[in-house]
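The values are calculated or read from the model by the stated rules, or taken from the named source; none is laboratory data. Model, not experiment: these values are computed from the prediction. Every residue, glycine as well, gets a Cβ built from its backbone with ideal geometry; the counts of neighbours run over all protein chains shown.
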Amino acid sequence: MSQYEFSVQAQVRYLPEESDAERRQYAFAYTLTIRNTGQVPAQLIARHWIITDSEQHVQEVKGLGVVGHQPLLKPSEQFEYTSWAVIATPVGTMRGSYFCVAEDGERFEAPVPEFILQMPRTLH
């Protein structure tokens, strides 16, 4: 186990009420659980997202914190939040990273593994 490590798990939900297929807007909520799996308390400072739709159109998002927070996590503590994204196709992906600073001043990146944004199939 690394001294400096966050693990991230994602759950995705399609938002039909926020989507409009005629306008090519497909909205998805994602809930991320961030756990400090390292050995040193560390704070999430910033985020970097790469959002890609099925036509390979890429949106890049960078910013401080997550949903207005910069959580400080002790070893084994976790922080969960929900946010959302809109893409132009019914299927896409998200991946990224969090920039973190440990209590001892060490800086590290916590990768967010790619997860799928996908509108559920509907039967007519």
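Descriptive notes on the structure:
- Of the residues examined, Tyr4 is one that is surrounded by 16 or more Cβ atoms within 10 Å (Cβ to Cβ), not hydrophobic (A, V, I, L, M, F, W, C) and not in a strand (DSSP E or B).
- Looking only at residues in segment 49-76 that are of a type in the set (Gly, Ala, Ser) and closer than 23 Å to Gln3 by Cα, the one that is farthest from the chain's Cα centre (by Cα) is Ser76.
- Listed by first and then second residue, the pairs linking a residue in segment 87-104 that is at negative phi to a residue that is assigned to a strand (DSSP E or B) and of a type in the set (Gly, Ala, Ser), with Cβ atoms under 6 Å apart and 6 or more places separating them unless they lie on different chains, are Tyr98/Ala110; Phe99/Ala46; Cys100/Ala42; Cys100/Ala110; Ala102/Ala42.
- Some residue of segment 34-53 being of a type outside the set (Lys, Arg) and farther than 29 Å from Leu73 by Cα: yes
- Hits in segment 53-65 (condition: among the hydrophobic types (A, V, I, L, M, F, W, C), surrounded by 12 or more Cβ atoms within 10 Å (Cβ to Cβ) and under 14 Å from Thr93 (Cβ atoms)): Val61
- Candidates Ile116, Ile50, Ile45: the one that is hydrophobic (A, V, I, L, M, F, W, C), surrounded by fewer than 18 Cβ atoms within 10 Å (Cβ to Cβ), in contact with a Ser or Thr (Cβ under 8 Å, 6 or more places away or on another chain) and at pLDDT 95 or above is Ile116.
- All conditions in (1) exposed (fewer than 13 other Cβ atoms within 10 Å of the Cβ); (2) among the basic types (Lys, Arg); (3) touching a residue at least 60 places away in the same chain (Cβ under 8 Å) hold for Arg24, with the sole exception of (1).
- Some residue of segment 66-87 being in contact with a Gly (Cβ under 7 Å, 6 or more places away or on another chain), buried (at least 16 other Cβ atoms within 10 Å of the Cβ) and among the aromatic types (Phe, Trp, Tyr): no
- Qualifying residue in segment 83-99 (condition: among the aliphatic types (A, V, I, L, M), modelled with pLDDT of 95 or more and either within 17 Å of Arg35 (Cα to Cα) or in contact with a Pro (Cβ under 8 Å, 6 or more places away or on another chain) (or both)): no
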